[in-house]
Ligand code: WTA
């Protein structure tokens, strides 16, 4: 009896549906017909979406897939991404419209930039970069806090056709150096520091240190943000306020080929070496502007949009910079942490600027949930009409809390699935169409085709799980991995070569209606607070420590961060038991090698690692240990007593 009641309860829970609000549905940008239109003629559908941009020369072919999987979209077309994000809005009479309400972390430290301001700043920065010797095709790295100059820098690069590579400010000097090196960045744009958790946190020293590890960098352009002391190399370092402020405000944007590289974004893969994901200009911008308009039902004249991501990640690229600005919206940009100076900071910002569309990550939602509804309840957030989620699966409870406490039960929640590689949103509810289910990203948006397949690449029936694939090319898809075409083909296109499907690396389930529930990575990539980390990369960092002989890293379930980094380490004999500080020392080491986001939650010193006869580490078993579960099937281990040794060791240590 109680079992039945429980099952029923679960079913009822799974059956929660949220209909689109009637007024939203009747005015929606994207309606149910869009699915049919896209299905009937996908290329015509994308050509229509491309019309939302301003092209200098129109394309002659929508898709060139002749050399698959190397795609070309809108071939023959020419455009300038920065012109599309800035100048054309000024030319359309919207120069006085606020593009960015910037909110610094210190209270009262705010700045509004109109589209005309942005045009001036971007033009000056473009002139300054040219002055510094940056030419079309040169790579420029950006390592900055969330200040307007970061966006200006990205657009200035786009304006002169110099692909940017933004490196998240939380990455260490080593991680920065390897990225600079991989894409041979000639110039780095940075700042003295930025504000995080109430104090000034330095950035420039990491650039200085990175320059001792690679000699590719010719110039470092430094924005003064915090006023903290910086070391200065007269041959290399230049202040932004010296060279940008004095540069001319006039700059004519050049039209580039639709396939001209726009940027390289590094992301973790299954090996230790991060992959430089290459996005090009035309198709990428079409994907970002279309999805930002359609998935968020954007009404550019009345909406105030806010995406809380950092510009160091793809979400910041597509949904702070390129999508929203191409669509000419007013948006909020916030520099700091959500709880500085107090826990209600985000909600106060929403109230102050009348934010209507808010886009954030499940990990943030879960941490607010823990603090209770009293804090958000203090702010008037009745302006909100749509909420978005991205970066990891959103658990149904967090979805319902988000909708209820933040959205006042009025707002649809769009759970958007996509990746650095996909460039823009692929699977998501449409706010004016979909009856949303908490926990499900629902189905591919119009223009995109996805499936869940088995090992052989066959579509699984409803109710079953498998691998998430994209079954046809799309405009904002990655074009390659920077400098490594083979790895591009291997990683994404060899798994389901026969079918020609893009392998996303995620597992997913189709429910009885055929709607998609993304389950998470099926490879050695972890997702910690929505940040992608590679197990191998952290293992390599650990093994580079002189006391470490071997290391295995797994992502264990974590209530707050989705997954947490758990490391199992075998010490070298000469290190003895490593001493009481060893765990601290190793955590510090990982921070230094990769950055704070990669710091293991837990490091366990063990005598052995579970390996198969062919020497492959069985991470599944380690995950059992890390998640305090009974250890699963050990029969394929070369030595089945290893797991006992590990468990005993850990018990002793605890
Ligand atoms: C995960 C972030 C479930 C997924 C835009 C993917 C998600 C990886 C969702 C990409 C979602 C992203 N539901 N999982 N709505 N969105 N993911 O490249 O595992 O930083 O492969 O791009 O995040 O992470 P990336």
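The values are calculated or read from the model by the stated rules, or taken from the named source; none is laboratory data. The shown structure was predicted, so the numbers you read here are calculated from the model rather than taken from an experiment. No Cβ is skipped: glycine too gets one built from the backbone with ideal geometry, and neighbour counts run over all protein chains shown.
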Among the residues in the range 249-272, are any without any contact (Cβ under 8 Å) to a residue 40 or more places away in the chain and away from the ligand (no atom under 16 Å from the Cβ)? yes
Would you check if there is a residue in the range 538-550 being farther than 30 Å from residue 169 by Cα and free of Cβ contacts under 8 Å to residues at least 40 places away in the same chain? yes
Residues of the range 359-385 being in contact with a strand residue (DSSP E or B) (Cβ under 9 Å, 6 or more places away or on another chain) and within 15 Å of the ligand (Cβ to nearest atom), in sequence order, are 359, 360, 361, 362, 363, 365, 366
Residue check, residue 405 more than 23 Å from the chain's Cα centre (by Cα) and either crowded, with 23+ Cβ neighbours inside 10 Å or more than 16 Å from the ligand (Cβ to nearest atom) (or both): yes
Conditions (1) surrounded by fewer than 19 Cβ atoms within 10 Å (Cβ to Cβ); (2) outside any loop (DSSP other than H, G, I, E, B); (3) touching a helix residue (DSSP H, G or I) at 6+ places or on another chain (Cβ under 6 Å): number failed by residue 634: (2)
Odd one out for residue 416 among (1) within 16 Å of the ligand (Cβ to nearest atom); (2) part of a loop (DSSP other than H, G, I, E, B); (3) crowded, with 23+ Cβ neighbours inside 10 Å: (2)
Only residues that are touching a residue at least 24 places away in the same chain (Cβ under 8 Å) and surrounded by fewer than 23 Cβ atoms within 10 Å (Cβ to Cβ): list them for the range 300-311, please. 300, 302, 303, 304, 308, 309, 310
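Would you call residue 424 touching a strand residue (DSSP E or B) at 6+ places or on another chain (Cβ under 8 Å), in contact (Cβ under 8 Å) with a residue 24 or more places away in the chain and within 16 Å of the ligand (Cβ to nearest atom)?
Numbers: touching a strand residue (DSSP E or B) at 6+ places or on another chain (Cβ under 8 Å): no; in contact (Cβ under 8 Å) with a residue 24 or more places away in the chain: yes; within 16 Å of the ligand (Cβ to nearest atom): yes.
So residue 424 fails the test.
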Of (1) out of contact with any strand residue (DSSP E or B) (no Cβ under 6 Å at 6 or more places or on another chain); (2) within 16 Å of the ligand (Cβ to nearest atom); (3) within 18 Å of residue 319 (Cβ to Cβ), residue 398 satisfies every one except (3)
Flag if residue 411 is under 27 Å from residue 287 (Cβ atoms) and within 16 Å of the ligand (Cβ to nearest atom): no
Output yes when any residue across the range 76-93 is modelled with pLDDT of 95 or more, closer than 26 Å to residue 422 by Cα, out of contact with any helix residue (DSSP H, G or I) (no Cβ under 9 Å at 6 or more places or on another chain) and surrounded by 13 or more Cβ atoms within 10 Å (Cβ to Cβ), and no when none is. yes
Members of the range 557-579 found to be closer than 16 Å to residue 597 by Cβ and part of a strand (DSSP E or B), listed by number: 558, 562, 563, 564, 565, 566, 567
Do we have residue 609 as away from the ligand (no atom under 16 Å from the Cβ) and not in a helix (DSSP H, G or I) here? yes
Would you mind telling me which numbered condition in (1) touching a helix residue (DSSP H, G or I) at 6+ places or on another chain (Cβ under 8 Å); (2) away from the ligand (no atom under 16 Å from the Cβ); (3) at pLDDT 95 or above residue 323 fails? (2)
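Given the criteria part of a helix (DSSP H, G or I) and either over 22 Å from residue 148 (Cα atoms) or more than 14 Å from the ligand (Cβ to nearest atom) (or both), does residue 347 qualify?
Yes: the conditions hold for residue 347.
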I'd like to know if the range 214-230 contains one or more residues that are touching a strand residue (DSSP E or B) at 6+ places or on another chain (Cβ under 8 Å) and closer than 30 Å to residue 50 by Cβ. no
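Do we find that residue 590 is crowded, with 21+ Cβ neighbours inside 10 Å and part of a strand (DSSP E or B) in this structure?
no
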Taking the stated definitions as given, is residue 142 surrounded by fewer than 24 Cβ atoms within 10 Å (Cβ to Cβ) and touching a residue at least 12 places away in the same chain (Cβ under 8 Å)? no
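Residue-by-condition table, conditions (1) more than 24 Å from the chain's Cα centre (by Cα); (2) more than 24 Å from residue 72 (Cβ to Cβ):
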| site | (1), (2) |
| --- | --- |
| 255 | yes, no |
| 264 | no, no |
| 273 | no, yes |
| 287 | no, no |
Identify, please: which residue in the range 432-457 is within 16 Å of the ligand (Cβ to nearest atom) and touching a helix residue (DSSP H, G or I) at 6+ places or on another chain (Cβ under 6 Å) and is, among those, modelled with the lowest pLDDT? 439
Please pick out the residue among 464, 382 that is more than 20 Å from residue 363 (Cβ to Cβ) and at pLDDT below 95. 464
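Matching residues to (1) out of contact with any helix residue (DSSP H, G or I) (no Cβ under 9 Å at 6 or more places or on another chain); (2) at pLDDT 95 or above; (3) over 15 Å from residue 281 (Cβ atoms):
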| position | (1), (2), (3) |
| --- | --- |
| 32 | yes, yes, yes |
| 43 | yes, yes, yes |
| 52 | no, yes, no |
| 57 | yes, yes, no |
If you check residue 495 against the conditions, is it more than 12 Å from the ligand (Cβ to nearest atom) and more than 20 Å from residue 454 (Cβ to Cβ)? no
